[in-house]
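The values are calculated or read from the model by the stated rules, or taken from the named source; none is laboratory data. Keep in mind the model is a prediction, meaning the values are calculated, not measured. Note that each Cβ is placed from the backbone with ideal geometry, even for glycine, and that neighbours are counted across all protein chains shown. For accessibility, only protein heavy atoms count, side chains too; no ligands or nucleic acids. Shrake-Rupley method; radii C 1.70, N 1.55, O 1.52, S 1.80 Å.
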Amino acid sequence: EDNNLSLDMWVKSDGKEIKVIFKRINKITLSNSAKELFTNIIVTYSYLPKNNMSDEEFLSLKINWLIKNEQDELLEKFLNKNEKFDGKRKIIQYLVDKNIAKANLNQGCQKIEFLNKEIKDSYLEKFKIYCLINNDRKDEAQLIFDLLKERGFKDNFFENKINFLLGLNEKKEEKILDDNLL
């Protein structure tokens, strides 16, 4: 019976109230204990609210909370246990960007492994290509790059850099872009 109690935790709640609660909690600074308790509550397996909230909205609230509170380990566990879901690209980009910003490219490359063929995001795919080259998997990188270009991808700056890293260009262009972390 206790198991049913945890499954019913959200189902009787009104989605509008849950949204208001998340908004209020996001505005205040919680103690570490309160933050841990709230995190445990939102990741507990349960049925979703029946009223005024879609599955996607509920999941988005949870993902945004976990990202805002840097719950990287929980986010990775979620990625490992769930193949397809709305918000997957957002989590992967958060984990990759966090590691790129810390100049920890090896960790960033480990996070990019969560990227699968369902996610079509040129920023993440460009980083995956870089990681493959960095890990001496140039043939695989070339294949993904060619597929990306077939889908209409056009970025001369990136193409020049990748062609240099693949050994197709001997001259390295010195131009630098600063509009994203990659």
Mean separation of Cα contacts under 8 Å (at least 6 apart) over the residue count of the chain, i.e. the relative contact order in percent, is 14 percent
Inter-probe distance in nm under a simple model that places probes 7 Å from Cα toward Cβ, at residue 34 and residue 151
4.2 nm
Once both labels are modelled 7 Å past Cα along the beta-carbon direction, what's the residue 46-residue 135 spacing in nm?
3.8 nm
Per DSSP H run of at least 4 residues, take -39500 (n - 2.57); add these up for the chain, divide by its residues and hand me the 222 nm value, nearest 500 deg cm²/dmol.
-19000 deg cm²/dmol
Given the Cα-Cα distance of residue 17 and residue 121 and 0.36 nm per residue of separation, how much length would full extension add, in nm?
34.1 nm
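So for the chain, what are the equivalent ellipsoid semi-axes in whole Å, largest first, each being the square root of 5 times an eigenvalue of the Cα gyration tensor?
40, 17, 14
Rounded, prolate or oblate: which one fits the range 21-115, using the alpha carbon gyration tensor with axes a ≥ b ≥ c (rounded when a/c is under 1.5, else prolate when a/b beats b/c, else oblate)?
oblate
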What ranking of 17, 150 comes out by heavy-atom accessible area, probe 1.4 Å, highest first?
150, 17
